[in-house]
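Written below as structure tokens is the structure these notes are about.
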Amino acid sequence: MASGWAPEGAVQDQIDASLEDAVAEARARMPQGDSLTHCEECDKPIPEARRQAVPGVRLCIQCQAEQEKEYRPSGGINRRGSKDSQLR
């Protein structure tokens, strides 16, 4: 595929880099360490089954759901810099 001045495989490199960034961001948001017995936000007990299923859990299901509603993933990085994407 002709790509102008870009080297062969540059588009795939951009896709791979975007995917690696998304995976790194998701891993950074995953809980780590020991699970808590009570929620950090509301202090309700966290069920044993949840603590075993999600190692490092810090929030009860309700608080986790609220936190995920508020989470807005970043718009990403425009690595290509095409004219179409610059006009948006």
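The values are calculated or read from the model by the stated rules, or taken from the named source; none is laboratory data. Just so it is clear, the model here is predicted, and its values are computed rather than measured. Cβ coordinates were reconstructed from backbone atoms using ideal geometry, including for glycine residues, and neighbour counts include every protein chain displayed.
Worth pointing out:
- Test: residue in region 64-71 that is aliphatic (A, V, I, L, M) and either modelled with pLDDT under 90 or in a loop (DSSP other than H, G, I, E, B) (or both): no
- Test for I15: is it modelled with pLDDT of 85 or more and more than 18 Å from the chain's Cα centre (by Cα): no
- For region 44-63, filtering for residues that are farther than 10 Å from P31 by Cα and either in a loop (DSSP other than H, G, I, E, B) or among the aliphatic types (A, V, I, L, M) (or both) leaves 7.
- Of all residues in region 23-40, none that is over 17 Å from E68 (Cα atoms) has its Cβ atom under 8 Å from the Cβ atom of a residue that is loosely packed, with under 10 Cβ neighbours inside 10 Å and modelled with pLDDT of 85 or more, 6 or more apart or on another chain.
- Residues satisfying the stated conditions in region 1-41, i.e. part of a loop (DSSP other than H, G, I, E, B) and surrounded by 12 or more Cβ atoms within 10 Å (Cβ to Cβ): A6, P31, S35, L36, C39, E40, E41
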